[in-house]
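Novice: First the structure, which I've put down as structure tokens, then a few questions once you've had a look.
The values are calculated or read from the model by the stated rules, or taken from the named source; none is laboratory data. From a predicted model like this one, the values you see are computed outputs, not experimental measurements. Neighbour counts are summed over all protein chains in view; Cβ atoms, including those assigned to glycine, are modelled from backbone coordinates with ideal geometry. These accessible areas exclude ligands, DNA and RNA; they are computed on the full protein's heavy atoms, side chains included. Shrake-Rupley method; radii C 1.70, N 1.55, O 1.52, S 1.80 Å.
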Amino acid sequence: MPARQKTARVKIRGQHWRIVVKKLPPRRVGKDYLSMHGECEYATRTIYLNPDFNPHRTLLHEVLHAALPDLEELTILQVEEALADSIAALARITQKKHD
């Protein structure tokens with residue numbers, strides 16, 4: 001019997017989306033195959049996170065896609081990086097205050 005998928009439900013810009021953690025197969029792009037960290041499926045409002053990669057970074061990335069579907073991939077990557085770096089910086093400075 002296969003393991004049950006881990007899922008959660010969140011609201012993004014007024015619509016309910018499902019978050020699913022599951023392994024994703026590589027995607028063919030031209031002659032190459034790219035590892036999929038995650039995927040944002042608009043038709044079913046489902047965000048998939050591959051557990052083989054950083055789920056926090058991937059979640060930030062895919063939620064940005066869900067919330068702002070018109071943004072280009074490069075912009076999504078730049079905002080994801082800024083958010084992840086800011087969260088890490090906040091963790092460092094708040095940890096020092098509690099030590």
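Novice: Sort region 1-51 into rounded, prolate or oblate with this rule: let a ≥ b ≥ c be the square roots of the eigenvalues of the Cα gyration tensor; rounded if a/c is under 1.5, and if a/c is not under 1.5, prolate when a/b is larger than b/c, oblate otherwise.
Specialist: Oblate, since a/c reaches 1.5 and b/c is not below a/b.
Novice: Nothing charged except the Cβ atoms of Lys and Arg (+1) and of Asp and Glu (-1): what's the magnitude of the dipole of the chain about its Cα centre? Round to the nearest 20 debye.
Specialist: About 580 debye.
Novice: Under a 1.4 Å probe, what is the accessible area of the chain per residue, stated in Å²?
Specialist: On the way: 7680 Å² over 99 residues.
I get 78 Å² per residue for the chain.
Novice: Something else: Reachable aspartates and glutamates from LYS23, Cα under 14 Å, same-chain residues fewer than 8 places away excluded?
Specialist: List returned: GLU39, ASP52.
Novice: Need the full-extension length gain, LEU34 to GLU81, defined as separation in residues times 0.36 nm minus the C-alpha distance. One decimal, nm.
Specialist: Extra length available between LEU34 and GLU81 comes to 14.9 nm.
Novice: When 1/r is averaged over all different Cα pairs and the result inverted, which Kirkwood radius in Å belongs to the chain?
Specialist: For the chain, inverting the mean 1/r across all distinct Cα pairs yields 15.1 Å.
Novice: Using helices alone, what [θ] at 222 nm do you get for the chain, with -39,500 (n - 2.57) per DSSP H run of 4 or more residues, divided over all residues and rounded to the nearest 500?
Specialist: Counting only the DSSP helices, I get -13500 deg cm²/dmol.
Novice: How much of the accessible area of the chain, in percent, comes from carbon and sulfur atoms when a 1.4 Å probe is used?
Specialist: Carbon and sulfur: 56 percent of the exposed surface of the chain.
Novice: Under a plain spin-label model, where a point goes 7 Å from the Cα along Cα-to-Cβ, how far apart in nm are GLU41 and LYS23?
Specialist: Using points 7 Å along Cα→Cβ, the separation is 1.8 nm.
Novice: Given a Förster distance of 35 angstrom, what is the FRET efficiency for GLN15 paired with GLN95, based on the Cβ-Cβ distance and rounded to 0.05?
Specialist: Calculated value: 0.50.
Novice: Please identify the longest segment of the chain free of exposed trypsin sites (Lys or Arg not before Pro), where exposed means a DSSP state other than H, G, I, E or B and no more than 16 other Cβ atoms within 10 Å.
Specialist: The longest such stretch corresponds to 46-99.
Novice: Another question about this same structure. Using the Cα centre of region 1-94 as origin and beta-carbon charges of +1 (Lys, Arg) and -1 (Asp, Glu), tell me which of PRO55, VAL20, ILE76 is placed farthest towards the positive end of the dipole.
Specialist: Comparing the listed Cα positions along the dipole, VAL20 ranks first.
Novice: When only DSSP loop residues count, what GluC sites (Glu not before Pro) in the chain have their Cβ near at most 16 other Cβ atoms within 10 Å?
Specialist: For GluC sites (Glu not before Pro) across the chain that sit outside H, G, I, E and B with at most 16 neighbouring Cβ atoms in 10 Å, the list reads GLU72.
Novice: Shifting gears a bit: With point charges of +1 on the Cβ of Lys and Arg and -1 on the Cβ of Asp and Glu, referenced to the Cα centre of the chain, which listed residue (HIS65, VAL29, ALA43) lies farthest in the positive direction of the dipole?
Specialist: ALA43
Novice: Which part of region 31-61 falls in the paramagnetic zone of THR7, meaning amide N under 19 Å from the point 7 Å along Cα-to-beta-carbon?
Specialist: The answer is 38-51, 59.
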